Amino acid sequence: MWSWRLKTELKAARAVVTLSDGVTADLREIAPALPCLRIRLLALPRLPRQTIAGPPRFLFFGRLRAYKGLDLLRDAFALLQKDEPGVLLRVIGEGDAEACAPGLSQQPGVTVESRWVPEGEVASLLSTATAVVLPYYAASQSGIVPQALALGVPVIATPVAGLREQLGDGEGAIFADKPTPEAFARAMREFLVPATHARLRQEARNASTTAVDWATEAALLVEGLRPLIDRYRDASPVR
């Protein structure tokens, strides 16, 4: 049904706007003649963040879906706890966590909140995290990433194409070698090394300052849309 819907929408479209090269390539396979306008999903302007004491707190935030790897995170967190028994994991978002990762909510150190998070609560929620975790099996981009970076919160992620495009080296992220529980646990463990944590936090703060050129991205989008609009206007019947 999703594939049918996507193809139907593409047939009705005169152009598509994408946020990653991976998605662009996928769409060109489905609709090779359809123009693709590629823009970047940038960091947000830096926001104030409170310093919260206590044990390391990992946060998974967003809609709870199978492709986001909650089962991978469940197993990785269990491996991490063998060496770091005091760490905490908070999972919050709309969906059924148990359907995605049976047993997750009963795991020690894990708190699951299956609910929709209002926009006004997002910044305060992210501010409570030591790091945001993205254990995805697949991704085009993540809307959580720029919000986390704006608060100076580092990101731990799997090396899937969309996230790799969005987060380069030196931009406040640490990547697992591959999308497996063992690799993700190693990345989480490496993050907890004090020097690594401090470096990634500073990188995240820097990213929210240096990668906020939304005006340029908007201008590129307008520049790409203008000839398409002109072409549509020229092809329209005179009334």
- Whole-number D in µm²/s for the stretch 74-207 (Stokes-Einstein; Kirkwood sum over Cα pairs; 20 °C, 1.002 mPa s): 141
- Message: List the lysines whose Cα sits under 25 Å from the Cα of Lys82, skipping any in the same chain fewer than 8 residues away.
- Response: Lys68, Lys178
- Message: So if I restrict to the alpha-carbon atoms in the stretch 136-216, what is the Rg, and what is Dmax, the biggest pairwise distance, in Å?
- Response: 12.5, 41
- Note on the structure: Quarter of the surface of the C-alpha convex hull for the chain, i.e. direction-averaged projected area in nm², equals 15.2
- Restricting to Cα pairs under 8 Å and 6 or more apart, the percent relative contact order of the chain works out to 22
- Query: Dividing the alpha-carbon Rg of the stretch 68-125 by 2.2 N^0.38 Å yields what?
  - Reply: 1.18
- Can you give me the pair-distance distribution of the stretch 28-153, C-alpha pairs, 5 Å bins, whole percents? 2, 10, 18, 20, 18, 13, 8, 5, 3, 2, 0
- Between Lys11 and Ser105, what FRET efficiency comes out of the Förster formula 1/(1 + (r/R0)^6) with R0 = 35 Å and r the beta carbon distance, rounded to 0.05? 0.25
- Task: For Asp234, Asp213, Asp71, give the ranking by accessible area with the largest first, probe 1.4 Å.
- Result: Asp234, Asp213, Asp71
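The values are calculated or read from the model by the stated rules, or taken from the named source; none is laboratory data. Just so you know, these numbers come straight off a predicted model, no measurement behind them. So basically every Cβ, Gly included, is an ideal-geometry build from the backbone, and we count neighbours across all protein chains shown. Just the protein is used for accessible areas: all its heavy atoms, side chains included, with ligands, DNA and RNA removed. Shrake-Rupley method; radii C 1.70, N 1.55, O 1.52, S 1.80 Å.
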